[in-house]
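One structure below.
The values are calculated or read from the model by the stated rules, or taken from the named source; none is laboratory data. The structure presented is a predicted model; accordingly, all values stated were derived computationally and were not measured. Cβ coordinates were reconstructed from backbone atoms using ideal geometry, including for glycine residues, and neighbour counts include every protein chain displayed.
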Amino acid sequence: MVGQRQENQQDPLIGETPEPPRNWPASYGQQTVQPDIAPENEFGQFVTLKGGEYFFSASLTFLKSLSNQPSPGEFYVVKSGDFLFNIAERAYGDGNLLEVIYEANKDVIGDDPDVIIPGQRLFIPRLE
């Protein structure tokens, strides 16, 4: 949207007094015309800018990924494709610490640390 000033009003940004628009297309794609209109019907002050804002919102994919990051001291729900190694890597920055997670969750995981099932709730212990 664009707003233009009426005649004899100085633009504060450019410091000049621009002329109001008098020509516009009669219809889309046509030549501009200069109609005979009364001054009170001019649309020079149609839009008055009072300020503006720009709002940023992260993508849904990113926001969903935040809620599913394993964090020490919290529970993590196993997703399809997860392994203890990659969970430890995301939680601690070192996949070799998978034993810490396994030891804290033996009763949930069972005897084989290589077999975890989507939907299992694993506690991610804090490192001491």
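The set of residues from region 82-98 being part of a loop (DSSP other than H, G, I, E, B) and surrounded by 15 or more Cβ atoms within 10 Å (Cβ to Cβ) comprises Asp82, Phe83.
List the residue pairs whose Cβ atoms are under 8 Å apart, where the first residue sits in region 61-75 and is at pLDDT 85 or above and surrounded by 11 or more Cβ atoms within 10 Å (Cβ to Cβ), the second is among the charged types (D, E, K, R) and not in a helix (DSSP H, G or I), and the two are 6 or more positions apart or on different chains. Correct list of pairs: Pro72/Arg126; Phe75/Arg121.
Taking every residue in region 108-119 that is touching a residue at least 40 places away in the same chain (Cβ under 8 Å) and pairing it with any residue that is part of a loop (DSSP other than H, G, I, E, B), at least 6 positions away or on another chain, the pairs with Cβ-Cβ distances below 9 Å are Pro118/Val78; Pro118/Lys79; Pro118/Ser80; Pro118/Gly81; Pro118/Asp82; Gly119/Val78; Gly119/Lys79.
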